[in-house]
Amino acid sequence: MPDTKNHLFFKISNVLCENNQKKPAEECYSLHRSTNSPCNDYGKCRIWEKTLEQLQYVEYDLEKNSFLKACPGSGKTEVVGLKSAYEFKKWTKKTTGIAVLTYTNKATDVITERVQQFAGSSGISHPHFIGTIDSWMHRFILNPFAHLVTDYSGNDDDQSIHLIDKSSDAEFLKNKKFSTKYSYFETGCIQANEFYFLDKECDQIIFSSGKFQIDSQRKKGVINRSLKSELKQIKTEFWKSGFVTHQDVDIICYKILNDNPEICKLLSNRFSIIIIDECQDLSSLKIDIFRLLKKSGSIFHLVGDLHQSIFSYNNADFKKIIQFTEEEKFTIIPLTKNFRSVQSIVNTCCKLVENQEQILGCDDVPNKSHCLIFSYQKEKIHEIPENFSDYLKTNGYNVEKSAILIRNNSNKNSLMGRTTQKMTFSKLAPSAIYLWSLNDTEYKKESLNYFGVFLSKFLFPNEKHNYRNFYGPTDVPNHQWRLFLANLLNRCNQPGSLADFTQIWTDWRVKFNETFPVIFEDIQSQYGWLALEKIIEKNMIKSSPSGYKNSPVIKTINDIKHQVDKTIEISTIHSAKGKTFDSILLVSSSQSSGERDTGSGYWQHWLDIDNANGESARFAYVASSRPKFLLAWAISEKDYEDRSKIEQLKKLGFNPSGSIGINKESVVDGQNTLKKWF
């Protein structure tokens, strides 16, 4: 590779900006700033601003396999867009092109925009393709050739495949062709859309119906030879009838290319170059598909950060990426400049995943502690959003550009104050009706949660409930339960109904017990699965909250609105991936669940590089690499008081800084550093 920035600048700008006279960056920018150039609204030359590493990748030989090993905040998507524009503009072939594949529509839009800016609209036209991996596979492999594997004859010469959702409960799926003959694992008959094959031999079966408790129960069961044979048979019939699930697509596409080398060669000729962004998220089967194309002649340019592989539940396998790149002798091109985070945060993130590379971050802000540890009391976890927001305001951070991150939704609910188990039962229904009236997405979710708990007691007292879907029964489709709850809540909020909370508790309770069963019976006929259900109890709310029977209802439920601080984002780590914040607080579970086979929400698992095959550490890495200026972790008060545990965290670069959930004064400036330990 050329090792001077000037040489690379002249070579790339000659193609993208027609700078054939080798004008320096400032002169080239001045000449183009009044034209419709990609730098016009940017304030500076967009090529010269790139680092030497970035320009080396843009100019790297397209005919040689490469792996762009990008650290967080390295601007990899921008560079992929620039690389794509550079290669598209040089391209001269008419029947073969470049496929630029991403995982999200957002990333697709960013890359497309970059290509259009530098190469014009014609740059993204035939023979090239920019889009998600799934859309590319559907368009060029599945739809044209699936019938060769599935034996689907089609209708009126239309052999297009029909996608069926894994959670669909459509009546035709109960057909004996698409469902097991008997019930298994006490979960009912298994339908063809409720499982898929994990491996290319179709030997490993994964249950995935979208119903958490049912899937968990089935996963614990033993799949004997007879059941495995039956499942393969109903999946075969499912495919033969022209149906597939999203999870089936990978195995079918693999079979198409593996069983038909001539098709694999045709596709390889059609896309001789394939660039894949976020390659660490590739499943084993997708890697096997790309291996087949590689053997047929396609050249690959992979882009990603293997330390950010946190989708094992989606069968992502970064180890196979390592194997693929090593066996095929890919050239490793590093991006080691982090433009997002200050150096202190970068150093801590590297230690989490034992990354030995020298990653250069931004300058630390003088007189600021960038990596902090706070403590919280388990029973006061819901105070964290307000207190962290206060801390940010006090110390000059932008609350609206900050976030609180949590490992999973159950902990997120606790953080947001959604503790239905601790709420007085009589307050569940009025709280749900009240929150539903506020027309706010988060409050509506909380409303469904409260109302789901309340109704399940009367409608399905002896059945298992899906707490992940507002406590609906496990055998009722998730979307139907949600629509049912929403319909009821809409009716309860109609004028003259149950939304008058100025009434005293005694009067409102009597009205609810009289009115709600009538509302229920009125809409019951809309839901077939409710046809035989009845609310037998006449007094659904038996008594008013203790000491409040003569108080207005609003006086006892208005305080539930307080529980979500609307100025700060609260998100799971998965949802925050790819985002940038000024500051984040990563909240640990109060204790270990003891499960080492899954990514944990407990901070000590984050420090154990072997836990869950390293995924626990990668979760912490992804979360901790999101902020620019402030990385904070919150751990339980009990752990915080353990000197040996604090020493562990100090070695990572964290500064112990007091309580985040009890005494607001202790967190000002983040300087409560437990002096006795220093």
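The values are calculated or read from the model by the stated rules, or taken from the named source; none is laboratory data. All values reported here derive from a predicted model rather than from experimental measurement. Here Cβ is always computed from backbone atoms with ideal geometry, including for glycine, and neighbour counts include all displayed protein chains. These area figures cover heavy atoms from the full protein model, side chains too; ligands, DNA and RNA do not enter into them. Shrake-Rupley method; radii C 1.70, N 1.55, O 1.52, S 1.80 Å.
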* To do: State all residues of the stretch 491-513 that are over 18 Å from Pro545 (Cβ atoms) and touching a residue at least 12 places away in the same chain (Cβ under 8 Å); if no residue qualifies, say none.
  => Arg491, Cys492, Asn493, Ser497, Ala499
* Please give the number of the condition Ile141 fails out of (1) within 31 Å of the chain's Cα centre (by Cα); (2) surrounded by fewer than 13 Cβ atoms within 10 Å (Cβ to Cβ); (3) more than 15 Å from Phe238 (Cα to Cα). => (2)
* Asked: Any residue at all in the stretch 283-302 that is open to solvent by 10 Å² or more (accessible area, probe 1.4 Å) and of a type in the set (Phe, Trp, Tyr)?
  -> no
* Can you pull out the helices (runs of 4 or more DSSP H) entirely within the stretch 4-91 that have at least 1 residues that are touching a residue at least 60 places away in the same chain (Cβ under 8 Å) and either of a type in the set (A, V, I, L, M, F, W, C) or in contact with a His (Cβ under 7 Å, 6 or more places away or on another chain) (or both)? -> 5-16, 76-90
* **Residue, surrounded by the fewest Cβ atoms within 10 Å (Cβ to Cβ), within the stretch 172-195, restricted to residues that are charged (D, E, K, R) and within 29 Å of Arg139 (Cα to Cα)** => Lys177
* From the list Ile234, Ile223, Ile164, Ile190, which one is among the β-branched types (Val, Ile, Thr), under 26 Å from the mean Cα position of the chain (by Cα) and more than 21 Å from Asn258 (Cα to Cα)? -> Ile164
* Mind listing whichever residues of the stretch 156-183 are free of Cβ contacts under 8 Å to residues at least 60 places away in the same chain and in a strand (DSSP E or B)? => Asp158, Ser179
* Structure fact -> Scanning the stretch 201-251 residue by residue, those basic (Lys, Arg) and farther than 26 Å from Asn478 by Cα turn out to be Arg225, Lys228, Lys232, Lys240
* Within the stretch 529-543, is there a residue that is in a helix (DSSP H, G or I), of a type outside the set (Asp, Glu) and modelled with pLDDT under 85? -> yes
* Yes/no for Ile206 being part of a loop (DSSP other than H, G, I, E, B), surrounded by fewer than 20 Cβ atoms within 10 Å (Cβ to Cβ) and not polar (S, T, N, Q) -> no
* Cross-chain or 6+ apart pairs with Cβ under 7 Å, the stretch 97-120 first and assigned to a helix (DSSP H, G or I) and open to solvent by less than 20 Å² (accessible area, probe 1.4 Å), then at pLDDT below 90 and hydrophobic (A, V, I, L, M, F, W, C) -> Val115/Ile124; Phe118/Leu16
* Tell me which residues, restricted to the stretch 337-355, are under 23 Å from Tyr602 (Cα atoms) and either of a type in the set (A, V, I, L, M) or in a strand (DSSP E or B) (or both). => Ile345, Val346, Leu352, Val353
* Asked: Filter the stretch 356-405 for residues that are assigned to a strand (DSSP E or B) and more than 30 Å from Glu641 (Cβ to Cβ); which is most open to solvent (accessible area, probe 1.4 Å)?
  -> Leu360
* Asked: Could you say which residue among Lys232, Lys181 is among the charged types (D, E, K, R) and touching an Asp or Glu at 6+ places or on another chain (Cβ under 8 Å)?
  -> Lys181
* **Arg618 modelled with pLDDT of 95 or more and under 18 Å from the mean Cα position of the chain (by Cα)** => no
* What is the number of the single condition among (1) assigned to a helix (DSSP H, G or I); (2) at pLDDT below 80; (3) open to solvent by 10 Å² or more (accessible area, probe 1.4 Å) that Ile560 does not meet? -> (3)
* Structure fact -> Scanning the stretch 423-464 residue by residue, those open to solvent by 50 Å² or more (accessible area, probe 1.4 Å), of a type outside the set (S, T, N, Q) and not in a helix (DSSP H, G or I) turn out to be Leu438, Pro461, Glu463, Lys464
* Collect the residues in the stretch 310-336 that are modelled with pLDDT of 90 or more and in contact with a Gly (Cβ under 9 Å, 6 or more places away or on another chain), keeping them in residue-number order. => Ile321, Leu335
* To do: For the stretch 303-323, indicate whether the set of residues that are more than 25 Å from the chain's Cα centre (by Cα) and crowded, with 16+ Cβ neighbours inside 10 Å is non-empty.
  => no
* Asked: Taking into account only those residues within the stretch 497-553 that are among the β-branched types (Val, Ile, Thr) and out of contact with any helix residue (DSSP H, G or I) (no Cβ under 9 Å at 6 or more places or on another chain), which is surrounded by the most Cβ atoms within 10 Å (Cβ to Cβ)?
  -> Thr506
* **Residue under evaluation Asn143, criteria (1) closer than 17 Å to Gln247 by Cα; (2) free of Cβ contacts under 8 Å to residues at least 24 places away in the same chain; (3) outside any helix (DSSP H, G or I), criterion not met** => (3)
* To do: Report those strands (runs of 3 or more DSSP E) wholly inside the stretch 567-638 carrying at least 2 residues which are on the phi < 0 side of the Ramachandran plot, free of Cβ contacts under 8 Å to residues at least 24 places away in the same chain and open to solvent by less than 10 Å² (accessible area, probe 1.4 Å).
  => none
